[in-house]
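Data block below; observations after.
The values are calculated or read from the model by the stated rules, or taken from the named source; none is laboratory data. This structure is a prediction, so every number in the text was calculated from the model and none was measured. We place every Cβ from the backbone using ideal geometry, glycine too, and count neighbours over all the protein chains shown.
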Amino acid sequence: MARRPYIVGNWKMHGTRAMLSEARAIDRAAQRLLKVEVAIAPPYTLIHPIHREAELIAVGAQDCHEAEGGAFTGDISAAMLADAGAQFVILGHSERREGHGESNALVRAKTEAALNAGLKIILCCGENAATRAEGKAVDFVRRQLKASLPASAAELADASDRITIAYEPIWAIGTGNTATLEDIAEKHSAIRALLVDLFGDEQGGDMRILYGGSVKPENAGEILRVADVGGALVGGASLTADSFMGIALAVGEPNES
């Protein structure tokens, strides 16, 4: 059975305690939607405060370390995130892969660590402009995603209900450029086929695939109607309740009861 659309806000390196009012406003607005699941991933410093106040929205993190603990100054383990109230973690985001040199192997290790700590994950994949120009985007995305998922078949089988995929073309993130509907459909279809190969028809067909890349209220409706698009991973437009919930309203219905 198809899951509700999943609208996730990635606050990136934005947010102080003053932003708690926006989180509260997002939570209140989400309570009026029947058909959408809403979540936000604030910076580490706001995970516990938002978790403590939120009544409906899920709260997650933007990254975790692959180790359970140790001499890793400045890093945070998946278990620490769970202890702070995080329910999920975003992994493999292009800003981590590109800016911090994270390999597929490292993302896979983080994925396994997060699942072992009981967290859900949003696993990101996407091509850069050069790969797209060479016509190699579909193959690149499939290889990147497969190499970032848990290596164990048993782990894969047990984790399908806790894994969401996010397709984010790097050339569209924070640029104002959005992939065409045809581009989005092509990549999401290829990802769906891979998930079915890995998890089987029932599990692979039910897993949500989000689109991310300059999603805003003005274009969310048409993007979320594309086949296999199960929601959106939203960056800058998630920083205010008005713009973020405008995206959620593109697929949700107010609760009039």
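Observations, loosely collected:
- Subset of region 15-34 that is out of contact with any Asp or Glu (no Cβ under 8 Å at 6 or more places or on another chain) and of a type outside the set (A, V, I, L, M, F, W, C) - its residue that is surrounded by the most Cβ atoms within 10 Å (Cβ to Cβ): Glu22
- The condition of being under 19 Å from Arg143 (Cβ atoms), at pLDDT 95 or above and either crowded, with 18+ Cβ neighbours inside 10 Å or acidic (Asp, Glu) (or both) does not hold for Gly60.
- Qualifying residue in region 74-86 (condition: among the β-branched types (Val, Ile, Thr) and under 23 Å from Gly230 (Cβ atoms)): no
- Residue ID - nearest to Gly74 (Cα to Cα), chosen from residues in region 24-34 that are hydrophobic (A, V, I, L, M, F, W, C) and outside any helix (DSSP H, G or I): Leu33
- Of the criteria (1) modelled with pLDDT of 95 or more; (2) exposed (fewer than 14 other Cβ atoms within 10 Å of the Cβ), which one Ala133 fails: (1)
- Residue pairs meeting the criteria (Cβ under 9 Å; at least 6 apart or on separate chains; first touching a residue at least 60 places away in the same chain (Cβ under 8 Å) and over 18 Å from Leu123 (Cα atoms), in region 210-232; second small (Gly, Ala, Ser) and buried (at least 17 other Cβ atoms within 10 Å of the Cβ)): Leu224/Gly230; Leu224/Gly231; Leu224/Ala232; Leu224/Ala250
- Answer from Gly213, Gly174, Gly205 - the residue that is of a type in the set (Gly, Ala, Ser) and closer than 19 Å to Ser148 by Cβ: Gly213
- Filter result (crowded, with 19+ Cβ neighbours inside 10 Å and either touching an Asp or Glu at 6+ places or on another chain (Cβ under 9 Å) or under 11 Å from Phe88 (Cβ atoms) (or both)) within region 113-130: Ala113, Ala114, Leu115, Leu119, Ile121, Ile122, Leu123, Cys124, Cys125, Gly126
- Single match in Ala147, Ala172 (criterion: among the small types (Gly, Ala, Ser), more than 23 Å from Arg3 (Cα to Cα) and modelled with pLDDT of 95 or more): Ala147
- Of all residues making up region 175-191, the number that are more than 28 Å from Leu239 (Cα to Cα) and at pLDDT below 90: 0
- Long-range neighbours under 7 Å by Cβ, at least six apart or interchain, first residue in contact (Cβ under 8 Å) with a residue 24 or more places away in the chain within region 33-57, second in a helix (DSSP H, G or I) and among the hydroxyl-bearing types (Ser, Thr, Tyr): Ile40/Ser238
- Residues located in region 1-14, provided they are surrounded by 15 or more Cβ atoms within 10 Å (Cβ to Cβ) and modelled with pLDDT of 95 or more: Tyr6, Ile7, Val8, Gly9, Asn10, Trp11, Lys12
- Residue in region 35-49 that is surrounded by fewer than 19 Cβ atoms within 10 Å (Cβ to Cβ), over 20 Å from the mean Cα position of the chain (by Cα) and not in a helix (DSSP H, G or I) present: no
- Counted residues, region 157-197 - those being touching a residue at least 24 places away in the same chain (Cβ under 8 Å), β-branched (Val, Ile, Thr) and more than 20 Å from Leu119 (Cβ to Cβ): 6
- When region 69-116 is filtered for residues that are touching a residue at least 24 places away in the same chain (Cβ under 8 Å), assigned to a loop (DSSP other than H, G, I, E, B), farther than 16 Å from Arg162 by Cα and touching a Lys or Arg at 6+ places or on another chain (Cβ under 8 Å), only Gly85 remains.
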